[in-house]
Amino acid sequence: MNTFEEVLPQYEPMISACIRKLHIYKNHELYKQAGRIALWKAWVKFDATKGDFAPYAYRCIYGAMLDELKKEKHQEEYIDVVEDEKLSILLEKSLVTSFVNEELGIALENLTENERELLLWIFVEGISLQQAATRAGITIPGIKKRRERLLLKLREKLTQ
């Protein structure tokens, strides 16, 4: 364990194992990078007199990934919600004024019927994702994914 460049390839499988154990199914590169950074920090702080490196590295990597999961959950719950609320206010204003804002009107015209329904349910009627999922006959993660795609599509149309 002379250099970190020698250590990293040996512990890449451990990083992947932590990702699998935590059931991380998206943003793999983000979590791999968090694991690599945690491995580097563990390598820098390691004291051989206190035990073996492998268990210490594992706990550091696992803990860093848990921290990253917490950050992502916070992002989804609080920061993305604020963005959704801003869009909701914009949509309400534009729907009330009969699409005075031409750009938003054009963007909304380019949506499919299902996308418009979802937009009205979530942002105008203000129903929960659970209720929207029930109405659409799909799961909550399915509704979340549709909402993400819908918001992305609107953002792309509005920033052109």
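Which of the pairs Lys26/Lys50; Lys21/Lys45; Lys45/Lys144; Lys21/Lys157; Lys50/Lys73 have their Cα atoms more than 32 Å apart in this structure? Please report the intermediate quantities before stating the final value.
Working: Lys26/Lys50 35 Å; Lys21/Lys45 25 Å; Lys45/Lys144 41 Å; Lys21/Lys157 39 Å; Lys50/Lys73 34 Å.
In this structure, Lys26/Lys50; Lys45/Lys144; Lys21/Lys157; Lys50/Lys73 exceed 32 Å between Cα atoms.
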Net charge of Cβ neighbours under 13 Å - reference Ile140; Lys, Arg +1; Asp, Glu -1
+3
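A short reminder: the numbers here are calculations on the coordinates, not readings from a lab. Owing to the predicted nature of the structure, the values given are computational and were not obtained by experimental measurement. We place every Cβ from the backbone using ideal geometry, glycine too, and count neighbours over all the protein chains shown.
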